[in-house]
Structures are given as C-alpha cells and as structure tokens.
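Derivation of every value follows stated rules applied to the coordinates shown; laboratory data play no part. Predicted model, so just to flag it, every value in this text is computed and none were measured. Note that we place each Cβ from the backbone using ideal geometry, even for glycine, and neighbour counts take in every protein chain shown.
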Amino acid sequence: MPGLDGYEVCQGLKGNPATANIAVIFVTAVQDEAVQQLAIEAGAAAYITKPFPLDTLPAVTEAALAKAERQVKPKAKHDEDGH
C-alpha cells in the first residue's frame, strides 16, 4: 500500500460512517505486542501473525465479525431509543 500503512487504512475505514462497521483483520509477520495493541487501538477486530495455519482463519474471521457486530448493536439500540 504505497503511501499508507495498515493503521492509517484501518483508521480511515473506522472514521468513515459508510465503512465504520467493516471488520478489519491485520495479517502481518510482525510479532510484537506493542504493534498488535496499535492495530487494536486503530480499530482492528483481529490481528494474525504469519505464518499461521490456514485452518485457523475461519475461526479468526468469525470472531472478528462477531466483535464487529457487537460493536454495532449497542449503537443501533441507542439510536432506536433516541438517547
């Protein structure tokens, strides 16, 4: 991604109402807890380090989608209540 890094892309997606609910999964070779925390703070739903067994991908994807859905539901309920 010339000119952008994953954090900037994630923050851009999360900062745009049209894309804010997209579940972002970081896939990287960087195995550093501080970097992982930065990804989560940027709005990532999951962080996977390479190499990883392909059979773990469905579970990580499902967990990321569930996390994104949980983040949307409270907002939707709040909007319905008008508070």
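Just a few scattered comments:
- For the pair Glu41 and Thr61, label points projected 7 Å from Cα toward Cβ lie 3.0 nm apart.
- Helix 6-15 vs. the chain, principal-axis angle (Cα, 0 to 90°, nearest 10): 10
- In this label model, Val9 and Asp32 are separated by 1.9 nm, measuring between points 7 Å along each Cα→Cβ vector.
- When only Cα pairs below 8 angstrom with a gap of at least 6 residues are kept, the chain shows a relative contact order of 29 percent.
- Projecting label points 7 angstrom from Cα along Cα→Cβ for Thr49 and Thr19 puts them 2.8 nm apart.
- Computed on the chain, the Cα convex hull volume stands at 108 Å³ per residue.
- ³J(HN,Hα) computed for each position of the range 54-67 - Karplus, 6.51 cos²θ - 1.76 cosθ + 1.60, integer Hz, glycine/proline x: 4, 5, 7, 4, x, 5, 5, 5, 4, 5, 5, 5, 5, 4
- Under-5 Å amide H pairs with Val27, H placed in peptide plane, nonlocal only: Ile48
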